[in-house]
Amino acid sequence: MILVWYLLNIYFNIYNKLVLKAVPFPYTITTFQFASGSFFITLMWLLNLHPKPRLSLQQYAKILPLALIHMMGNVFTNMSLGKVAVSFTHTIKAMEPFFSVLFSVLLLGQTPSLLAVGSLVPVVGGVVLASMTEVSFNWLVVILPLVNIPNVKGLGKH
C-alpha cells in the first residue's frame, strides 16, 4: 500500500507540473482538484460505497482550521511547482521538520530533545547542499511549500 501511495504521489506531482506548465494558474488548478475530490467523495457517500462521517459541530469547528491550512498548503505547493522543478519543491518540503521544531520553540515554548535536534542536521545539510546547486533557486519557492507546517504541528492536538 505504501509503494502504491509513493507511485501515485510521483505521478501526481509530475502530472501537476505538466498541467501547471500548460495552465499557469495554481489557484484554479487547486480549486479544480478540491472540487473533483469533493465530488467523488460525495458520490461515494450517496452510493454507500464509503460511510459518511458522523461529526458534531464541535468536531467540525476543530477540523475547519486544519482543513483551511491544508488547503493553503496545497495552493502554495502548486504555486511552487509552477515555478521550479518538482524535485526542488520536495527538497524544500524536506525542511518541514526543521521549521516545525523551530516554530515549536519560538511559538509554543517547547524544547526539543538533543536527539531530535541532532536528527535534523543531515536534513538541513542535504537541503542546503541541494539548494546550492539548484539552477532555478527562488526564495519564494523556499517559503511556499513550508506554509503547511502549522497543519503538520496541529494534527497531534485534536
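Just so it is clear, none of the values below were taken in a lab; they were calculated from the coordinates. From a predicted model like this one, the values you see are computed outputs, not experimental measurements. Cβ coordinates were reconstructed from backbone atoms using ideal geometry, including for glycine residues, and neighbour counts include every protein chain displayed.
Before moving on, here are some points about what is shown:
- Near-label residues of the stretch 66-98 by backbone N, under 14 Å of a point 7 Å along Cα→Cβ of residue 107: 66-70, 72-73, 96-98
- If you wrap the tightest convex hull around every Cα atom of the stretch 1-64 and split its volume per residue, you get 132 Å³.
- Exposure proxy ranking, count of Cβ atoms within 10 Å, fewest first, for 87, 104: 87, 104
- Residues of the stretch 70-109 with amide N under 20 Å of a point placed 7 Å along Cα→Cβ from residue 28: 72, 74-84
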